[in-house]
Structures are given as structure tokens and as C-alpha cells.
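A short write-up of the structure that comes next.
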Amino acid sequence: MPIGLGTPSSGGGGGGSGTVTNVSSANTAIAVATPTTTPVLTLATLDVIAADGPPAAAVAMNAQKITGLANGSAASDAAAYGQVVHTVAATDTSIVVGGTATAPTIATGTLDVIAADHPPAADWSNNSHKITSLANGSGAQDAAAYGQTIAGGATPGAGGDLTGTYPNPTVAAGKITLQKLSIYPVVDLMISGAKAETIPRWAVSDAGGLALVSQQVFATAIQIPNGTVITSISWVSGTTALATGVNQVFGLYSSALNLLAHTTDDTSTAWAASTIKTLNLTPGTYTTTTDGPFYLAVLVNATTAPTIAAIATVAPALLLSQAPVIQGRYDTGRTTLPATITYATSPSKIAFGYVS
């Protein structure tokens, strides 16, 4: 504000009276222009005012804002509104935000949610601590509960050729078969399509063969795995061919000599020497339900019965006839295979036949 010079003044620091001839400021908060003629007083900027006369008490803003505020950087600086947390939000469900805007609460989600949002990128250590209350695993990649392990008392069932439960399963009945114990695992190659043979084909040594008797059933032992589906039976003739045939039937008997399946009757169809004759089962197939042994049978009714390819004399008839019988001739006067065959005599040659 302008103050006129030459104006009488009373009081003041001198304690007397006089005339104002010069105006000056005691600090930098007020600037004085033309102090000796027409003084003009101007307030400095707020930072200068605050520096010269810092507040001695709290400053009331009368419900007004301070605008244009720079961001605070020191602990006692006023914070700009943009530096203040207004809301708390999580980027995924692994962090749960609750409470209010002024008093938020933060908690982790359940472990399954965290693992789904943040699956591990590498193996992790449990620092020698257990995972407890684990549900039993059911998938190939699930963690197994201790109770599912043998050490933890689990008793999983055995399969395949074993039965019972672990840790002490046993070999199931009928699972150790001649084929599984074959002493000829390399050279015993069956004819293509064959599922079981009476003897290894390479062992056939008698070209003349075993002589069949017309209207008499001949049967020899054959080991067939359980569950084998059979559709046909084959026999191989020796050097003697069939002549004037009337009936030609092949069959499969159980170890108790009961008929399980038989083929169609090939009646008068030719059967040349040194020829494989294959007849299909009727009505279609037979599936074994045990590992046997079984007996492969052939019945021919003809003026001349063929011979069957065989191994030459392998043992005295006495040994061949001991139980269980390896092979034999059964019944006489037959034109069809009987439901049960009765042992009569045992040839000393083992005949070659197979099932497919």
C-alpha cells in the first residue's frame, strides 16, 4: 500500500514523534518499492513468507484445497492426492481384498487357487516337512497318500499271472503252462495263424506218419492258453492219402475227455497225402476257459484212412499210457464224435495237429 512521505508520525520505536521519510521491510516477506517517495509494499511468494515466518500453530484451510502441489519426497512433506492409495485391488484371485476403502484387509487365497493362478515353474522343496491330510491319488500324475503304498499298509490286487494282493501275491492256478515253460522258445515257431500245436512242427520226423483206424477216434494232448478263441482245427496227413471217405470230423476234448467243440463233417472231400486239412468249428468259435490240457481229436470213416504226420517212436507205450494220458485211440464203429471218449490203446507215435 502507498504511504505518503512527510506524514507526521507518533509513537514507534524511538518513543517520539516525527515525519516518515523512508519505508523499509524487516524481512524478505515484504518488498518495498520507492521507499523515499511513494512506497509500495508487495508480499513475496508464499514459500518466502513461510520461510521468513513459519507457522507457530496448525494452519486451518477453511475447508479449501491446496492445488498445484508437487509430489512429496521427504517424510514430513505433504503428499499429493495422486500419491495417496485410494483403492486396493488384486490382479488375480490368489490375493483376497476385503474391508473398506479406508481400512482394507488383504489375505491369500486357498492353496489350490494360488496354485491355479501361479503354477510352479520348477521343483520345490518342502524343507523336510510333510504334506498332511492328503486325499488318495486316483490319476497317474496324482500324489499318492502314504496309505496307498505297500509300506503304508495298502494291499493292491495282483493281476496277470498273479493272484492275491501285494506284498505277497502268488502265481494263479493254471498260469504256468507248457508253452510258457517251453524248452524250445526260439525254434518252436508255429505255423502262421496257429494258436497251439500238439508238438513243435520242427519235431515231426516220421514222413509215413501215424496210421488212423477208420471209425475210431484218435486224440492227442494239446496245451492251449486260457481265453484262446478257436475257429478251426487242422491235421497234416502223412504219406498215405484218404480213399473213399464218408466222414471226416475233427474235435476238441477237455482233460476229462468230454467233447467241447467239433468241426463240420467234410464227408467225402479228398484228403491227399502230405496235405494240411483244416475244418472250421460249428457253429463258429470256441473260447477256452482253462489252460487245459485239452485233447485234439480226429475221426475218419473211409475205406482207407490217411496217416497223420508224427514224431517217430518216442517212448514205450507203458509210459505214454500213464495218467494223464498223452494220446490214444478211442471207441470203434463211430461216424460222429461222441460226447465222451473212452481210452482204448495208445500209439507210440505223437501226431502233429494244431488249432487256429
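The values are calculated or read from the model by the stated rules, or taken from the named source; none is laboratory data. All values reported here derive from a predicted model rather than from experimental measurement. Cβ placement follows ideal geometry from the backbone for every residue including glycine, while neighbour counts extend to all protein chains displayed. To get the accessible areas, we keep the full protein, side chains included, count just its heavy atoms, and leave off ligands, DNA and RNA. Shrake-Rupley method; radii C 1.70, N 1.55, O 1.52, S 1.80 Å.
Things to note:
- Unmet requirement for Ile106, which otherwise passes all of (1) part of a loop (DSSP other than H, G, I, E, B); (2) open to solvent by 80 Å² or more (accessible area, probe 1.4 Å); (3) of a type in the set (Val, Ile, Thr): (1)
- Residues that are open to solvent by 60 Å² or more (accessible area, probe 1.4 Å) and not in a loop (DSSP other than H, G, I, E, B), drawn from the range 131-150: Tyr146, Gln148
- Candidate set: the range 31-45, residues that are of a type in the set (A, V, I, L, M) and part of a strand (DSSP E or B); chosen: the one nearest to the chain's Cα centre (by Cα): Leu43
- Of all residues in the range 216-229, one or more are over 16 Å from Leu260 (Cα atoms) and buried (at least 17 other Cβ atoms within 10 Å of the Cβ).
- Only one of Leu259, Leu296, Leu320 that is on the phi < 0 side of the Ramachandran plot, at pLDDT 95 or above and open to solvent by less than 40 Å² (accessible area, probe 1.4 Å): Leu296
- The single condition among (1) open to solvent by 90 Å² or more (accessible area, probe 1.4 Å); (2) touching a strand residue (DSSP E or B) at 6+ places or on another chain (Cβ under 7 Å) that Ser73 does not meet is (2).
- Condition met for Thr290 (over 54 Å from the mean Cα position of the chain (by Cα), of a type in the set (S, T, N, Q) and at negative phi): no
- Some residue of the range 245-256 being over 55 Å from the mean Cα position of the chain (by Cα), within 20 Å of Ala211 (Cα to Cα) and crowded, with 20+ Cβ neighbours inside 10 Å: yes
- One residue from Ala103, Ala107, Ala70 being among the small types (Gly, Ala, Ser), within 30 Å of Leu46 (Cα to Cα) and out of contact with any helix residue (DSSP H, G or I) (no Cβ under 7 Å at 6 or more places or on another chain): Ala70
- Residue match in the range 79-97 (condition: open to solvent by 70 Å² or more (accessible area, probe 1.4 Å), under 30 Å from Pro119 (Cα atoms), modelled with pLDDT of 85 or more and touching a strand residue (DSSP E or B) at 6+ places or on another chain (Cβ under 6 Å)): yes
- Of note, Ser232 does not satisfy the criterion of being surrounded by fewer than 20 Cβ atoms within 10 Å (Cβ to Cβ) and modelled with pLDDT under 95.
- Residues in the range 263-281 that are over 51 Å from the mean Cα position of the chain (by Cα) and either open to solvent by 60 Å² or more (accessible area, probe 1.4 Å) or among the polar types (S, T, N, Q) (or both): Thr267, Ser268, Thr269, Ala270, Ser274.
- Counted as qualifying within the range 264-356 are the strands (runs of 3 or more DSSP E) with 1 or more residues that are in contact with a Lys or Arg (Cβ under 7 Å, 6 or more places away or on another chain), namely 294-304, 307-311, 343-345, 353-355.
- Of all residues making up the range 46-76, the number that are of a type in the set (Asp, Glu) and either modelled with pLDDT of 90 or more or assigned to a loop (DSSP other than H, G, I, E, B) (or both): 0
- Residue in the range 235-253 that is among the β-branched types (Val, Ile, Thr), part of a strand (DSSP E or B), closer than 17 Å to Ile191 by Cβ and in contact (Cβ under 8 Å) with a residue 40 or more places away in the chain present: yes
- Of all residues in the range 109-125, those that are assigned to a loop (DSSP other than H, G, I, E, B) and surrounded by 10 or more Cβ atoms within 10 Å (Cβ to Cβ) total 3.
- Set side by side, the residues Gly164, Gly160, Gly153 differ, and just one is out of contact with any Asp or Glu (no Cβ under 8 Å at 6 or more places or on another chain), open to solvent by 60 Å² or more (accessible area, probe 1.4 Å), at pLDDT below 90 and at positive phi, which is Gly160.
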